[in-house]
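A quick write-up on the structure given underneath.
Nothing in this text is a laboratory measurement; each read-out follows from the coordinates by a stated rule. None of these values were measured; they are calculated from a predicted model. Glycine also receives a Cβ, built like all others from the backbone with ideal geometry; neighbour counts cover every protein chain displayed.
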Amino acid sequence: MKIVAFSDIHGKYGKIMDFLKNNEVDLVILTGDITHFGPSELAGEILNEIASFDVPVLAIPGNCDPAEMYGKLDNSNAINIHGRSVTVKDIGICGFGGSNPTPFNTPLEFEEVEIYDQARKALEEVKDCKITLFVTHAPPADTKADVLPSGDHVGSESLRKVIEELQPTVNVCGHIHEARSKDTIGKTEVINPGMISKGHACLINIDDSDEEDIKVESEIIEL
């Protein structure tokens, strides 16, 4: 399975369309900030355009997406995995959107206790799958994926705790535009692909030809 993940669209999805026109993938994952503070209707339009390539699209909202966007996700041709999970073969995928509190009072922020409870619940639904992809908008705390240019780490402590406890195969996140990186928490690979508007994305290849030895490889790519 070939998966492409895009983050922090902020209403600019031309590069995604160009990529999908010229590359074959089996699944598209969008890790939030689909719009830039709305309008919520725009999210549905963007998701439907991306889904027009007849490739399944999984999406979560970001902290810059309006709270009422939930309905637009559910009514689009994409699959909303915020607080939910799906299973493809023996690959479990779940998500949690929005972010931990920021100094900017953005539309979709959650207290850490709520993040822990809901994100853990979603990940527990797929924890017995051979491969688990944990899709979040906010990065886990104290990783390369959550560090600002100032050196401050601003990721979610709760997401880090959930990852430490349940050890998904891969955590794909976003939110911190400058923190494009790959890191690890225990056995979990943490990937922040960076902003799609700057031409950054992530490819994840899952080779399940040998059911006893499923291989997962990832790379951050320049479009």
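Derived scalar couplings between HN and Hα for the range 100-107 equal 5, x, 10, x, 9, 6, 6, x Hz in order, rounded to whole Hz, by the Karplus curve 6.51 cos²θ - 1.76 cosθ + 1.60 (θ = phi - 60°), x for Gly and Pro. In the distance distribution for the range 1-124, Cα-Cα pairs more than 17 Å apart total 55 percent. Partners of residue 215 within straight-line reach, counting lysines whose Cα lies under 18 Å from its Cα and excluding those fewer than 8 residues away in the same chain: 2, 89, 127, 130, 182, 187. Here residue 26 and residue 152 are evaluated by their C-beta separation; at R0 = 35 Å the FRET efficiency comes out at 0.40. For the range 72-124, a Kirkwood hydrodynamic radius built from all Cα pairs, placed in the Stokes-Einstein relation at 25 °C and 0.890 mPa s, yields a translational diffusion coefficient of 199 µm²/s. Computed over the range 116-223, the P(r) curve from all C-alpha pair distances, binned at 5 Å from the origin, holds 2, 13, 23, 23, 19, 12, 6, 1, 0 percent per bin.
Applied to the range 14-30, the Karplus parametrisation 6.51 cos²θ - 1.76 cosθ + 1.60 on θ = phi - 60° returns per-residue 3J(HN,Hα) values of x, 5, 5, 4, 4, 5, 5, 5, 10, 9, 9, 9, 9, 7, 10, 10, 10 Hz, with x for Gly and Pro.
Put simply, the amide H of residue 88, placed in the peptide plane, has neighbours under 5 Å in 93, leaving out anything fewer than 5 places away on its chain.
Antiparallel versus total DSSP beta bridges in the range 2-222: what percent is that, nearest 5? About 45 percent, rounded to the nearest 5.
Distance between the pseudo-spin-label points of residue 18 and residue 212 (7 Å out from Cα toward the beta carbon): 4.6 nm. Across 174, 32, 151, mean-square fluctuation computed from a Gaussian network of the chain (C-alpha pairs under 10 Å connected) peaks at 151. Residues whose amide H falls under 5 Å from that of residue 175, counting only those 5 or more places apart or on a different chain, are 8, with hydrogens built in the peptide plane. Across the chain, Cα pairs under 8 Å and at least six residues apart give a relative contact order of 20 percent. Cα centroids of the range 21-89 and the range 110-177: 19 Å apart.
Choose one answer from 49, 178, 165: the residue with the largest mean-square fluctuation in a GNM of the chain with alpha-carbon springs under 10 Å. In the Gaussian network model the winner is 165. Given in Å, the Rg to one decimal and the Dmax to the nearest whole number for the Cα atoms of the range 2-222 are 15.6, 47. Over all pairs of different C-alpha atoms, the range 172-223 has a mean inverse distance whose reciprocal, the Kirkwood radius, equals 12.0 Å. The slack in the chain from residue 164 to residue 90, taken as 0.36 nm per residue of separation less the alpha-carbon distance, amounts to 24.5 nm.
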